Amino acid sequence: MRYRRGCSRTHLARAPIHSCALMNYPASVSGTFVMMRRYAGIGLLLAGCAAALTLQTRHLGLTVDETSHFAAAYTYWLGEDVLQPPDAPPLTRAICGWVPRLLHAPRPRDTNGWKERDAYLIGAEILDRPNIRARRLLFYTRLPFLVFPLLIVFLLWHWGRQLFGEPVALCLAACGALEPTIQGHGVLIDSDVAAAFAALWFAYAAWRYANSPNIRRLLILSLAVVVAVLTKFTLLPLAIAGFGLALWKGPRLAALALPLAVYIGILATSQFQAQPVPPSEVQQFSGAGVPHWALGGVNLLARLPWPPQFVRGLLFIGNNLRGNGFTGYMLGHKIHGRVPLYFPLAWAIKFPIPLQILTVAGLAALFMRIRRREAGGADLLVWGLAAFFFGSAAISNFHVGFRHVLPALPFFILGGGFALARWSGRRAARVAMALSLAWLAVSSLRVYPQGISYFNEWIGGPMQGWRYLADSNIDWGQNLPDLGVYLERHRIGRIKTFIFGYDNPYHYLKPGSMDPQTLPAPDNPGLAHDYRPQPGVYAVSVNFLAGFLFPEGYEDYLACFRGRIPDARAGYSILLYDVR
């Protein structure tokens, strides 16, 4: 028997089979084998995550804000981007509006809501029609958004591998794949998870450019800034930060490419339909949060042609940030304006406990790195942006859901990587890491596919969540499909309902099976302040159970159900009571 050169009998007896084989394969084949091994773990994780997201996309009902974003995206692709409110960012409109056009959905001009240009009414009316297979239309329109939670998982692994090595990187990617808020909102027609990816990509591109500035990395940084600005209006400060970094690291002349790229990106995603900003709208920027010292720059920029809907979107967000915001709910009470404890409470009860431990360990590692003078640009970007996104949300008046701090969550996870890298060499630390990851998996999967409604074990899970927070933290109108399944399974012919949301119940329930109950509203002031239920089965959305959406004086309208233990539930946002 003849042996290939370089492989003795002894070597063949003792070495793994692949070691000798690799020595004799061409470099391209061995390189491919090594690459396959490198990407096997993250590939399997992404495949599993994609499958879970797809099933969740099909399962969840229509949520409230999806109606507005759907209508804005559809009219954008029809060349009629004139709806109110103008808060759907350009990327949201561009990425999915082609789907309803391709599927020949009813045109917005044919809806009753077109008279008022109301995006919520138009979207709800189109997705309400049974003859266009609304559920199929919603499913396919959601699919493009699945790319963003997958990109977050991939980027956590990719950046983590460069900072901490392969094992820690895979652990961080698994944490991102199992984080319920990222995955729960990642299947919706919305910009929150897309903004989380854009912020993470900006930080990674800025880190790469700061470490080794060159033209190629400047172009990638510019692209990341463009995506961030187009993904969420509130990410506009990243453009200023990116431009400052480009000027600092140089070359300064090339740095001018960044604001130019942002401007061209805004024009391109608005189909180059632009005009100078009217003086009346320029004056509104002073009341929309722009400081007086910056108004000169606004006046100068306003001389350039800008897409009207983009300018109106900036003014809409700015005015809402300066006003009282939306009515929120916290610990049994309505809230308005700035409530600094809202997001710390949301983080404490909606962020998984294993990830809280990881975040705290990451902060401890940060303090040690600062003390030993080991901290660098990655520490600054990761923890600085985490503090910026979480802190700016805490002092804002947007208190309608934990989703508003989604851009901070990947940074909390990535920041924990510094702790894993520092202490993972110890056996006890590796055991703790494995147990924490298993805990996270159990905690997340037990509520799947209801990640929107996730609450952690500190308060007993999602069943108790509405007593602490409401709105998109638990009830965004997504559980009508679960109600339909419950009624069919238990053969309930008719049910009395207090249902929140824009979804059409008769996509899931038989005609005539619902008996909607009267809700408090300004147009029925004679309604009693407390509801007295008659015998029957009741389905009550927790947003109505909490009462914060009702007019003043009617907050306790459904107090008769609050003290009762529900007999069943549809998802976690609709509670069922059998009144005899």
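Values as computed for the structure displayed
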{"read-out": "Any helices (runs of 4 or more DSSP H) falling wholly within segment 264-354 and containing at least 1 residues that are surrounded by fewer than 17 Cβ atoms within 10 Å (Cβ to Cβ) and without any contact (Cβ under 8 Å) to a residue 24 or more places away in the chain", "value": "279-284, 295-301"}
{"read-out": "Residue tally, condition open to solvent by 10 Å² or more (accessible area, probe 1.4 Å), part of a helix (DSSP H, G or I) and either out of contact with any Ser or Thr (no Cβ under 8 Å at 6 or more places or on another chain) or not aliphatic (A, V, I, L, M) (or both), over segment 395-448", "value": "25"}
{"read-out": "Residue match in segment 212-222 (condition: surrounded by fewer than 19 Cβ atoms within 10 Å (Cβ to Cβ), in contact (Cβ under 8 Å) with a residue 60 or more places away in the chain and part of a helix (DSSP H, G or I))", "value": "no"}
{"read-out": "Matching residues, segment 252-285, being among the small types (Gly, Ala, Ser) and in contact with a Phe, Trp or Tyr (Cβ under 7 Å, 6 or more places away or on another chain)", "value": "Ala255, Ser270, Ala274"}
{"read-out": "Residues of segment 505-529 that turn out to be in contact with a Gly (Cβ under 9 Å, 6 or more places away or on another chain) and among the small types (Gly, Ala, Ser), as a count", "value": "2"}
{"read-out": "Residues of segment 449-462 that turn out to be open to solvent by less than 60 Å² (accessible area, probe 1.4 Å), touching a residue at least 40 places away in the same chain (Cβ under 8 Å) and either in a helix (DSSP H, G or I) or on the phi > 0 side of the Ramachandran plot (or both), as a count", "value": "5"}
{"read-out": "Test set (1) open to solvent by less than 20 Å² (accessible area, probe 1.4 Å); (2) touching a residue at least 40 places away in the same chain (Cβ under 8 Å) - Asp87 fails condition number", "value": "(1)"}
{"read-out": "Matching residues in segment 521-556 - criterion: being more than 27 Å from Tyr486 (Cα to Cα) and among the polar types (S, T, N, Q)", "value": "Asn524"}
{"read-out": "Among the candidates Ala195, Ala174, Ala254, residue that is part of a helix (DSSP H, G or I), open to solvent by 10 Å² or more (accessible area, probe 1.4 Å), aliphatic (A, V, I, L, M) and in contact (Cβ under 8 Å) with a residue 60 or more places away in the chain", "value": "Ala174"}
{"read-out": "Listing of strands (runs of 3 or more DSSP E) fully contained in segment 476-580 that carry 2 or more residues being of a type outside the set (Lys, Arg) and touching a His at 6+ places or on another chain (Cβ under 7 Å)", "value": "none"}
{"read-out": "Residue count for segment 496-522, restricted to those that are under 25 Å from Asp118 (Cβ atoms), without any contact (Cβ under 8 Å) to a residue 60 or more places away in the chain and among the polar types (S, T, N, Q)", "value": "2"}
{"read-out": "Contacts under 8 angstrom Cβ, first residue in segment 463-484 being open to solvent by 20 Å² or more (accessible area, probe 1.4 Å), partner of a type in the set (S, T, N, Q) and at pLDDT 95 or above, 6 or more apart", "value": "Asp471/Asn543"}
{"read-out": "Qualifying position, being more than 18 Å from the chain's Cα centre (by Cα), open to solvent by 40 Å² or more (accessible area, probe 1.4 Å) and under 20 Å from Gly501 (Cβ atoms), among Arg109, Arg133", "value": "Arg133"}
{"read-out": "In segment 485-517, the residues that are on the phi > 0 side of the Ramachandran plot and buried (at least 20 other Cβ atoms within 10 Å of the Cβ)", "value": "Gly501"}
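The values are calculated or read from the model by the stated rules, or taken from the named source; none is laboratory data. Just so it is clear, the structure is predicted and the values come from calculations on it, not from any experiment. Here Cβ is always computed from backbone atoms with ideal geometry, including for glycine, and neighbour counts include all displayed protein chains. Side chains included, ligands, DNA and RNA excluded: accessible areas come from the protein's heavy atoms. Shrake-Rupley method; radii C 1.70, N 1.55, O 1.52, S 1.80 Å.
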